[in-house]
Structures are given as C-alpha cells and as structure tokens.
Amino acid sequence: MQRYFVPPSAMQSERVVIEGGDAHHIARVMRMSSGMRIIVCDGEGRVWEVELLAVRADRVVGRRVAEREETAEPPIPIVLVQALLKGDKMDWLVQKATELGVTALYPFVAERSVARLDGASDKAAHRQSRWQAIAKEAAEQSGRSRMPTIARPIGVGDVEAVLGPALRGHRVFIADEALACRGDAPSLFMCLERIRADAANVPVPPIAVIIGPEGGFTDAERERFAALGAEPVGLGRRILRAETAALFALSLITATAD
Ligand code: SAM
C-alpha cells in the first residue's frame, strides 16, 4: 500500500486532506480513485490506513479507517553528523541514511570538504529542502513512520552551539581515519558490541556518529568534536570513502539498535 507523509495539521480529524505533489502522485501517477486505500504518516510516528473519498490532481480527501502500529523505526535515535560531500554524494547519503533508520542528519562544512557552502546562504536553504524531500521519499519507500530531520548545513564554528544541545544524552563516536590500521585503537564495532552486551543492565542510548570529509579531519576539528564528548573510533584497516564510511557506521549502529 502506497505510503505518504503529511503534516500533522492535515490529520486533525477523521478526514485527511492531501494536496500538492502527493495529491498529484495519487491521482495522476498511481491513478488511484475513491474507495482505494493508502497509508498516511504524520512524520512523528503515528500511522493510519486511509480510505480515499475524493481524488483530484490538486487535492485528495480521505478518511482515517484504522491506526496502524509502526514497526519500522529503530528503538533509539540514531544521528549522523556528516561533513559536506561533493556533488550528489550527499543526495545519495541522505537516501541511504534514511533507509538505515537515521533520525537526524547534521551536515557540516569541514575544513577539507571539497564542496564549499555558507550555511546562512539561500543555496544552503535550497540544499536542505532538497535533502529533506529526498528523506521524505526514502522514508515512504522504506516503510518508515518517522521522517528524518535534515538540518541546515553548519560551519565547524557552530558545532558546539548546534550539536551540543542536539547530542545531549547521546553516545557520540567520531570515525577517525587516523585510527585505521591501528590494531590498538578502539573500533566502532567493539564499542557497539559492548553497548549491546550491557543492554540488559544499561538501555542502549541514543547514538551519534561523526564522519569527516574527503580530505579527512583537521586536528582543530578533532578537538571541537572531542569537546562534545565524541569518542574516536576506527572503522577497520582500510581508508573508506566518506560515503562508504557513513554507510558502514550506520549499518553497525542499526544492527546494534534494531
Ligand atoms: N583523506 C583521508 C586520508 O587519506 O587519511 C581520508 C578521509 S576518508 C576519505 C573520509 C572520512 O571517512 C574520514 O574523515 C573518517 O570519518 C571516515 N573514515 C574512512 N575510513 C576510516 C577508517 N578506517 N576508520 C575511521 N574512519 C574512517
């Protein structure tokens, strides 16, 4: 059954009103008609089965038939703090991180990011809304009931102000390429194994992972993230591309949490 995220305001009563691109998708792409059913999510974890009552390309009206239990969300918040990557790598990573269950993604412009972006610029706002639309589509496709929040890109100077509050209470790991190949260095895998082994006594906490840019972290960035309580970890013996590192780290975290 097709799934759509609508703002909570569209689901105040038994009636659900869907407009814009989703209405067009229902009417023109999926060619649905009244009597047919869709799944509607409010993005905050509540899911309903909805029967279509009136279908137009600009406006669809339905009625909530039954609330459904949401089962596709990880039991803990999972946060990715990702250095800005060049080209459409971020688009791809937003989609994959959403499929893997990420709750929030904070892009930051690292010293050695190939791409440059001023977080306060219109271009940054445009990239953020583009990524949020990609996250919506990936959440619908993967059967999620919560839509990840894609934050506005920040500069490293804003890390404390933005991530301090956002990561409070999280276990924060920074994947540091300098720890690759170092047998004595802690690995993300081992740290997560320990969290899982302790889960009977200590509930698995919210987990955040920080991934650097194509050029790697500077020492100043390492210090900034250390000030947030980030624990440096390795991701194995090889130097992974940033997007591979993010996918690998999120896969380990999701496997631990799910
Ligand atoms: N230019 C850097 C170098 O050659 O050392 C590599 C940076 S790597 C392409 C991009 C990011 O992926 C790193 O900043 C780190 O966050 C992560 N990463 C890649 N391989 C890793 C590993 N083996 N251990 C920990 N982090 C890794």
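The values are calculated or read from the model by the stated rules, or taken from the named source; none is laboratory data. Keep in mind the model is a prediction, meaning the values are calculated, not measured. Positions of Cβ are backbone-derived with ideal geometry, glycine not excepted, and every protein chain shown enters the neighbour counts. Surface accessibility is based on the protein's heavy atoms, side chains included, excluding ligands, DNA and RNA. Shrake-Rupley method; radii C 1.70, N 1.55, O 1.52, S 1.80 Å.
How much net charge surrounds P8 when only other residues with a Cβ under 10 Å from its Cβ are counted (Lys, Arg +1; Asp, Glu -1)?
On the way: positive: R46; negative: D42, E44.
Counting the neighbours of P8, the net charge comes to -1.
Suppose R0 equals 25 Å. What FRET efficiency, 1/(1 + (r/R0)^6) with r the Cβ-Cβ distance, do M30 and K96 give to the nearest 0.05? Mind showing how you got there, number by number?
Values: r = 25 Å, r/R0 = 0.99.
In this case the efficiency is close to 0.50.
Using a basic spin-label model with each label point 7 Å from the Cα along Cα→Cβ, how many nm lie between A133 and E19?
Placing both labels 7 Å beyond Cα along the Cβ direction yields 1.8 nm.
On the full set of protein chains, 1.4 Å probe, figure out the accessible area of M1 and give it in Å² to the nearest 10.
About 130 Å², rounded to the nearest 10.
Taking a probe of 1.4 Å, how large is the accessible area per residue of the chain, in Å²? Walk me through the numbers before you get to the answer.
Numbers: 12500 Å² over 258 residues.
Ligands and nucleic acids excluded, the figure is 48 Å² per residue.
Cβ neighbours within 10 Å, averaged per peptide: list 32-39, 197-204, 152-159 in order, most packed at the top. Mind showing how you got there, number by number?
Details: 32-39: 14.9, 197-204: 10.4, 152-159: 18.4.
Ranking the peptides 32-39, 197-204, 152-159 by packing returns 152-159, 32-39, 197-204.
Round to a whole angstrom and tell me the spacing of the C-alpha centers of the stretch 112-137 and the stretch 162-210.
26
Could you order peptides 83-94, 206-217, 180-191 by the average number of other Cβ atoms within 10 Å of their residues, highest first?
Values: 83-94: 19.0, 206-217: 23.2, 180-191: 14.3.
Most protected by this proxy first, the peptides run 206-217, 83-94, 180-191.
Would you work out the relative contact order for the chain, in percent, from Cα pairs under 8 angstrom that are 6 or more residues apart? Please list the in-between numbers first.
Details: 511 pairs, mean separation 52.0, N = 258.
Dividing the mean separation by the residue count of the chain yields 20 percent.
FRET efficiency for A66 and T149, Cβ-Cβ distance as r, R0 = 45 Å, nearest 0.05?
Values: r = 28 Å, r/R0 = 0.61.
Taking R0 as 45 Å, the efficiency between A66 and T149 is 0.95.
If DNA, RNA and ligands are ignored and the probe is 1.4 Å, what is the ranking of Y4, Y106 by accessible area, most exposed first?
I get Y106, Y4, largest accessible area first.
Residues in the stretch 148-184, backbone N under 17 Å from the label point at R116 (7 Å along the Cα-to-beta-carbon vector): list them, ranges by number please.
Answer for the stretch 148-184: 154-157.
Please compute the length gained on full extension between E44 and S9, using 0.36 nm multiplied by the number of residues separating them and subtracting their Cα-Cα distance. Show your work: numbers first, answer last.
On the way: separation 35, 0.36 × 35 = 12.60 nm, distance 1.18 nm.
Roughly 11.4 nm would be gained on extension.
Quick one: with all protein chains in place, what share of the accessible area of the chain is carbon or sulfur, to the nearest percent (1.4 Å probe)?
Values: 6280 of 12500 Å².
For the chain, the apolar C and S fraction of the accessible surface comes to 50 percent.
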